[in-house]
Amino acid sequence: MKTKDFEPKIMTFLCNWCSYAGADLAGVSRLQYPTNTRVIRVPCSGRIDPLFILKCLQDGYDGVLISGCHPGDCHYISGNYVARRRFAILKTALEFMGIEPGRVQFSWVSAGEGEKFSQVISKVTEAVKVLGPMRKLVKAANSLVG
Amino acid sequence: MSSVLKLSRSAEEGLRELLKFLLEKKRVKAVFTLCKIKKNGTVSYSLITDADMLKDALPLFPLMPQNAGKLLSRLTLKEHLAEPIAAVVRPCELRAFIELVKREQGSLENFIFISTTCPGTYPLEMSVNGDISKKLPEYEEDVKKGNVISDTRPICKACEHFMPYSADMTVALIGEKDIDKNCEIFLNTEKAEKLIEGMDGELVERELETEEVKNLRSKRQEEKRKLFEEINVEGLGLSGLVETFGRCIGCHGCSRVCPICYCVLCDFDSRDYENEPSTYESELKKRGGVRVPPNTVLYHLGRLTHVSVSCVGCGMCTDVCPADIPLSTIFLKVGEEVQKIFNYIPGKDVEEAIPLNKFEKDEFTEVED
């Protein structure tokens with residue numbers, strides 16, 4: 001498949017208090033952004049187990065975006081800081097596994113940043129498009145493992 | 001320099017005598033150590049209160065039937081010890097226990113830890129036919145010379161953390177020329193010095209970190225390099241991991257014996273990771289064939305992300321794996337990489353928080369956006 005025809009599927013985890021509201025604002029403001037994302041709302045970015053991300057990649061998503069409150073703005077004080085540490089671990093593990101770290105992205109979007117949300121989605125979609133389909137973990141034809 | 005209690009007996013007998021002294025003088029209520037359970041040389045961890053039963057104790061037997069850290073956590077999970085217990089454990093077991101204590105899975109209170117400069121242990125499978133007992137003379141020779149000991153577990157050969165970090169007493173073994181005649185017990189804490197008051201034996205001062213110890217450390221580093229090279233751990237990549245973990249029979253033994261895998265209900269033992277019939281159908285449509293049961297590789301990758309930050313490299317996972325997957329090599333490698341970014345040595349210091357329980361406000365900004 002050529003890159004230009006490829007439409008990636010991207011799983012997006014949004015924190016209830018900031019990024020989800022940011023996505024809402026983007027919608028209410030009628031901002032346009034790629035439709036490649038599927039959204040799961042989570043109470044806090046700190047709720048996300050690295051396992052969720054691996055599971056998404058295994059189940060055929062080409063990329064994963066995690067978005068939470070800006071540093072210092074976490075509804076639960078420090079959930080996003082912990083998420084960032086957990087994320088640093090996952091990045092190291094992904095590198096070891098040979099999965100392009102660009103497939104998994106992390107960003108801060110607040111409730112007032114509808115504009116930023118649409119930009120983040122465009123940027124991530126573009127980045128994953130360049131990387132191409134996630135074949136390694138699941139999609140390899142006739143691969144019997146996974 | 002530390003003060004050292006010198007007993008003119010072999011290391012094992014000396015240690016046994018120390019334990020006997022502690023019990024008889026009621027300095028401790030019980031002793032936790034490896035004990036003979038069968039004539040063929042099988043051992044298991046035991047709690048002993050009767051000094052006479054110490055004759056079956058084999059505190060230095062080169063086998064790790066289970067990671068003692070996990071056992072000590074089970075002893076103190078509900079309540080801390082009411083009375084002191086002396087526990088003879090290996091450095092990695094002590095580190096594992098400290099990691100568990102940090103996770104509120106046990107308590108250090110009233111424990112007196114006796115550890116050794118650890119020469120390594122033999123694989124579990126060798127414990128069955130008395131093979132280890134046959135190896136003991138050879139083992140002792142190599143310990144004296146400070147060698148990497150052949151036939152011990154690969155992870156032990158490659159272990160750099162063989163000096164206990166927080167034991168109250170340390171029995172010097174590595175590179176000690178006369179462990180068959182002398183037992184030298186390093187007293188690392190005041191508590192330890194008090195406990196042995198009144199015991200026969202000579203008190204001397206010396207360093208634990210000898211030339212032999214330093215040499216062994218570099219030999220082990222070399223072994224570790226070889227171990228990583230053997231399975232080309234850095235170049236495995238996903239396809240290599242999928243191949244390696246593809247052998248897994250799904251017994252989850254590695255997580256049962258892992259001291260860091262402490263969750264009572266593991267996600268992977270639940271039904272959450274069973275595929276719906278419709279998932280099978282859609283997967284089959286896409287790929288023409290799927291592995292049954294599903295999520296075997298995900299289980300290992302998930303465990304890697306969960307455990308790596310605290311992996312002490314005790315090697316139990318490889319030891320119990322019926323499919324002979326080099327788990328501990330992979331976990332050691334990823335563990336090292338992860339621990340490096342937090343500058344963290346698991347189980348070194350109980351005061352140091354687990355990296356996931358603390359944070360700095362401006363760190364790892366490179367992972368954002």
*Leaving out same-chain residues fewer than 8 places away, which lysines sit with a Cα under 17 Å from that of B:K26?*
B:K191, B:K194
*For chain B, which DSSP H helices look membrane-span-like by this rule: Cα extent along the axis of 20 Å or more and mean Kyte-Doolittle of at least -1.0?*
B:327-342
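Using mean Cβ contacts within 10 Å as the protection proxy, how do A:120-133, B:138-151, B:164-177, B:344-357 order, highest first? List each step's numbers first, then the result.
On the way: A:120-133: 18.8, B:138-151: 17.1, B:164-177: 21.6, B:344-357: 15.6.
Descending packing order for the listed peptides: B:164-177, A:120-133, B:138-151, B:344-357.
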_Of B:R247, B:R103, B:R271, the one that fluctuates the most in a GNM where chain B has Cα springs shorter than 10 Å_ = B:R271
*Only Cα pairs under 8 Å and at least 6 apart count here; give the relative contact order of chain B as a rounded whole percent.*
20 percent
*By DSSP, what percent of the beta bridges with both residues in chain B are antiparallel, rounded to the nearest 5?*
65 percent
*Report, in whole Å, the centroid distance computed from the Cα atoms of region B:123-172 and region B:196-242.*
11 Å
_Per-pair calculated FRET efficiency, R0 = 45 Å: B:C263 and B:D180 via Cβ, rounded to 0.05_ = 0.55
*asked:* Which order do you get for B:E336, A:E7 if you rank them by accessible area with a 1.4 Å probe, largest at the top?
replied: A:E7, B:E336
*So what are the radius of gyration and Dmax for the Cα set of chain A, in Å?*
15.1, 47
*Using only the Cα atoms of region B:188-322, construct the convex hull and provide its projected area averaged over every direction, in square nanometres to one decimal.*
13.6 nm²
*asked:* Please list, in order along region A:19-27, the HN-Hα scalar couplings obtained from phi with the Karplus expression 6.51 cos²θ - 1.76 cosθ + 1.60 (θ = phi - 60°), rounded to whole Hz, x for Gly and Pro.
replied: 5, 5, 5, x, 5, 4, 4, 4, x
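Rounded to the nearest 0.05, what FRET efficiency do B:S8 and B:N215 give with R0 = 30 Å and r taken as the Cβ-Cβ distance? Could you check?
Details: r = 27 Å, r/R0 = 0.89.
About 0.65, to the nearest 0.05.
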*Per residue of A:53-60, how many C-beta atoms from partner chains lie within 10 Å of its own C-beta, taken as a mean?*
4
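Do any trypsin sites (Lys or Arg not before Pro) in region B:15-44 lie in a DSSP loop with no more than 16 other beta carbon atoms within 10 Å, and if so, which?
Passing both the DSSP loop test and the Cβ count: B:K25, B:K26, B:K29, B:K38, B:K39.
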*How big is the antiparallel share of DSSP beta bridges in the protein assembly as shown, given as a percent to the nearest 5?*
40 percent
*Give the calculated FRET efficiency between B:K226 and A:S29 to the nearest 0.05, with a Förster radius of 60 Å applied to their Cβ-Cβ distance.*
0.50
_I want to verify a result. In a Gaussian network model of chain B, Cα cutoff 10 Å, which of these has the top mean-square fluctuation: B:G288, B:G41, B:G130?_
B:G288
_Could you tell me the extents of chain B's C-alpha atoms along the three principal axes, largest first, rounded to whole Å?_
77, 45, 40
*Number of partner chain Cβ atoms within 10 Å, mean per residue of B:273-286*: 1
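What is region B:71-202's relative contact order, in percent, from Cα pairs under 8 angstrom and six or more apart in sequence?
Value for region B:71-202: 25 percent.
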*Taking a Cβ-Cβ separation under 4.7 Å as the criterion for a possible partner, which cysteines of chain B have none?*
B:C35, B:C118, B:C156, B:C159, B:C183, B:C248, B:C251, B:C263, B:C266, B:C311, B:C321
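At 1.4 Å probe size, with the rest of the protein present, what percent of the exposed accessible area of chain B is carbon and sulfur atoms?
48 percent
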*Partners for B:K361 among aspartates and glutamates (Cα-Cα distance below 14 Å; same-chain residues under 8 apart left out)*: A:D73
*Antiparallel as a % of all DSSP beta bridges within region B:81-185, to the nearest 5?*
10 percent
*Taking only Cα atoms and a 10 Å spring cutoff, compute GNM fluctuations for chain B and point out the largest among B:E184, B:E93, B:E207.*
B:E207
*Determine which lysines satisfy two conditions relative to A:K55: a Cα distance under 22 Å, and not lying fewer than 8 residues away in the same chain.*
A:K9, A:K91, A:K129, A:K136, A:K139, B:K285, B:K286
_At a threshold of 8 angstrom on Cα-Cα distance, excluding pairs fewer than six apart, so keeping six or more, what relative contact order does chain A reach in percent?_
36 percent
_Entries of B:K144/B:K348; B:K145/B:K214; B:K134/B:K348; B:K157/B:K358 with Cα pairs more than 24 Å apart_ = B:K144/B:K348; B:K134/B:K348; B:K157/B:K358
*For peptide A:97-105, compute the average count of partner chain beta-carbon atoms within 10 Å of each residue's beta-carbon.*
3
*When each of B:K39/B:K135; B:K20/B:K102; B:K177/B:K224 is checked by Cα-Cα distance, pairs over 20 Å*: B:K20/B:K102; B:K177/B:K224
*Send over the semi-axes of the protein assembly as shown's equivalent ellipsoid, whole angstrom and largest first, taken as the square roots of 5 times the C-alpha gyration tensor eigenvalues.*
49, 25, 19
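The values are calculated or read from the model by the stated rules, or taken from the named source; none is laboratory data. Only a predicted model underlies this, so the values are computations on that prediction, with no experimental measurement involved. Note that each Cβ is placed from the backbone with ideal geometry, even for glycine, and that neighbours are counted across all protein chains shown. To get the accessible areas, we keep the full protein, side chains included, count just its heavy atoms, and leave off ligands, DNA and RNA. Shrake-Rupley method; radii C 1.70, N 1.55, O 1.52, S 1.80 Å.
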